[in-house]
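Derivation of every value follows stated rules applied to the coordinates shown; laboratory data play no part. Just so it is clear, the model here is predicted, and its values are computed rather than measured. We place every Cβ from the backbone using ideal geometry, glycine too, and count neighbours over all the protein chains shown.
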Amino acid sequence: MRDVAIIGVGMTSFGELWNQGIRDIFAEAALNAMKDAGVTKLDSMYVGAMSSGLYAGQEHIASVMADYIGQRGVPSTRVESACASGGLAVKSAFIEVASGMSDIVLAGGVEKMWDADDGSAILATASDQEWEAYHGVTFPGLYAMMARVYMDRYGLTREELARIPVKAHRHAINNPNAQYPHPMTIETVLKSSMVADPLRLMDCSPITDGAACVILCPLDRAGEFTKNPVKIKAIGAATGPIALHDHKDLTRLDAVHSSAQRAYNMAGVGPGDIDFVEVHDCFSIAEILVAEVLGFFEYGTGGKAIAEGQATYGGKIVINPSGGLKAKGHPVGATGVAQIIEATEQLQHRAGKRQIENAKLGLTQNMGGSGGSSIVHILEAV
Amino acid sequence: MANSQRYTREIPRRYRLEGQRFVSGNVYLPMRYIDPETGERKFDPIRLSGKGTILSFTEIHIPADTYAREAPFAVAIIETDEGARLTAQVVDCNFEDIKIGSKVELIFRKIMEEGNSGILNYGYKAILV
């Protein structure tokens, strides 16, 4: 297997992009990434999207996107793993480059969420449609049930939980692509409208339009395109039960655990070696559960540790320097790629005011549904 | 909107709680051909008693459009006395009375209507006992 590097990144601003359609935002991100890498011709490409059909009325988007980024004729594959579709696109492109099949491969993700009306129903298709969504439970509802068990078992208070989105927004202030780069107070979180008890609106990641793309090539060719490539040191992926009620312990995300162990083993590192992480904080409670299962905090201690400042600059480890899904935005199919972009920019020391000093090894974790899938990447400065 | 067969095929599970008990003792409500825990393929049909315990719960305030008229409504993850896990609405009670560990019983109820002219769909909901 060949070593694989990231040689270019590009994304749209995340937000309500009313004047751009799904192909416009994907093209903007892809062309930015190709410009960043200095390439005009791709050998192959992957497009991650959770539900372009339901959100934007367009399937068959792998071909649409190839055509609209000037790559008509190039093999293009759409991949889907709910909110982990972006991570899956990067994994798929990695395998194609590592195998020797192709050299210059684009991995992108896109979601055009603001074109659709009943977003809750569309998102719920990533849960168990017959045995969860049929009974009216929403994604906020599923994570609310995780939060309730965690708070009951470990004594995390509602006020402590509110500090997680506050931290996310503080990080996003320095991210020019963030949807909500605004300060947030604990009081605002606690007074925001109830979505699914005990989770309130400000515990939830937003509805977002956006696209993100990276260009991969063999590490030994990376020097042709960039002075500071970033190596994809390891990838770990795993599946879990799609229905939350089939998880043995509602606070343990087994798929995240398995995907992380596979990535740690492939990289030959452990959580203590990682300088920063981008995790899938689709809800405030998700950041806690993921941080624990990745090994950064003991089970049951992550909530209070993050509330006390252990996951920000100057703490134990910076979690979500980008602002995360909560404040940067969560265009579901694009999120996993956007995490890779944040990690790449941190490792290239071009993250501006968000820059983490001496960042050499970063980890990204992208999750589908309520833990039905998870993809972890470990990236290294070269 | 879906064709009626999408719903009628689940009638044994949704109306009559007809599940499966694998040789391992694991019990499931949705039809499974293989026990995900053990890989076992042999099972006996089992009709669940409908009695169970709440493992966690929430109150949905912002549902999908189909369920908007019911909101807010309570939803719980329930483990039945036989060991099957399922998700169901909890009805006919004050939300404040629902606790982790509350005992419930599943009853037959209308679940939802598919729009103004779609079919009516039925299944189980839980009540506190």
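Points worth noting:
- 3J(HN,Hα) from dihedral phi, the stretch A:312-322, Karplus parametrisation 6.51/-1.76/1.60, rounded to Hz, x for glycine, proline: 10, 4, x, x, 5, 8, 7, 9, 6, x, 6
- Inter-label distance, nm, simple model (7 Å from Cα along the C-beta direction), residue B:93/residue A:24: 5.1
- Loop chymotrypsin sites (Phe, Trp or Tyr not before Pro), the stretch B:31-122 (other Cβ atoms within 10 Å of the site Cβ: 14 or fewer; DSSP): B:33
- The stretch B:5-128: Lys pairs at Cα distance under 25 angstrom, eight or more positions apart or on different chains: 9
- Summed over all non-identical Cα pairs, the Kirkwood treatment of chain A gives a radius of 20.1 Å.
- Each of residue A:154 and residue B:53 was given a label point 7 Å from its Cα along the Cα-to-Cβ line. The distance between the two points is 2.3 nm.
- Unit charges on C-beta of K, R, D, E only; dipole of the protein assembly as shown, Debye: 360
- The residue among A:348, A:189, A:55 whose Cα reaches farthest toward the positive pole of the charge dipole of the protein assembly as shown, with charges on the beta-carbon of Lys, Arg, Asp and Glu, is A:348.
- Cα centroid separation - the stretch A:21-92 against the stretch B:22-93, whole Å: 38
- Proximal lysines to residue A:360, defined as alpha-carbon separation beneath 18 angstrom and excluding residues fewer than eight positions away on the same chain: A:227, A:231, A:233, A:316
- Modelled label positions at residue B:113 and residue B:38, each set 7 Å beyond Cα in the direction of Cβ, lie 4.5 nm from each other.
- Across chain A, the mean sequence separation of Cα contacts (distance under 8 Å, 6 or more residues apart), normalised by length, yields a relative contact order of 26 percent.
- Residue by residue along A:126-135, Cβ atoms of other protein chains within 10 Å of the local Cβ number 6 on average.
- Note on the stretch A:225-260 and the stretch A:300-316: Cα centroid distance 21 Å, given to the nearest whole angstrom.
- Cα gyration tensor shape of the stretch A:178-301, rounded if a/c is under 1.5, else prolate or oblate by comparing a/b with b/c: oblate
- When B:49, A:76 are sorted by how many other C-beta atoms sit within 10 angstrom of their C-beta, beginning with the fewest, the order is B:49, A:76.
- Cβ-defined net charge surrounding residue A:200, 13 Å radius [Lys, Arg +1; Asp, Glu -1]: -2
- Dipole of the protein assembly as shown, positive end: most advanced residue of A:286, B:118, B:61 [Cβ charges, Cα centre]: A:286
- Taken one residue at a time, the phi angles of the stretch A:371-377 give Karplus couplings (6.51, -1.76, 1.60, θ = phi - 60°) of x, x, 7, 8, 10, 10, 10 Hz. Gly and Pro are set to x.
- Taking the stretch A:146-258 and dividing mean pair separation by its residue count, relative contact order in percent (alpha carbons under 8 Å, at least six apart): 20
- Over the residues of chain B, the helix contribution to mean residue ellipticity at 222 nm works out to -1500 deg cm²/dmol, using -39500 (n - 2.57) for each DSSP H run of at least 4.
- Calculated [222 nm] ellipticity per residue, helices only, for chain A: -10500 deg cm²/dmol; basis is -39500 (n - 2.57) per DSSP H run with n ≥ 4, divided by all residues, nearest 500.
- Prolate/oblate/rounded call for the stretch B:5-128, Cα gyration tensor, a/c under 1.5 rounded: oblate
- Ascending count of other beta-carbon atoms within 10 Å, so fewest first, for A:18, A:114, A:131: A:18, A:114, A:131
- Formal net charge of residues neighbouring residue A:376 (Cβ-Cβ distance under 13 Å; K, R +1; D, E -1): +2
- Exposure proxy ranking, count of Cβ atoms within 10 Å, fewest first, for B:93, A:282: B:93, A:282
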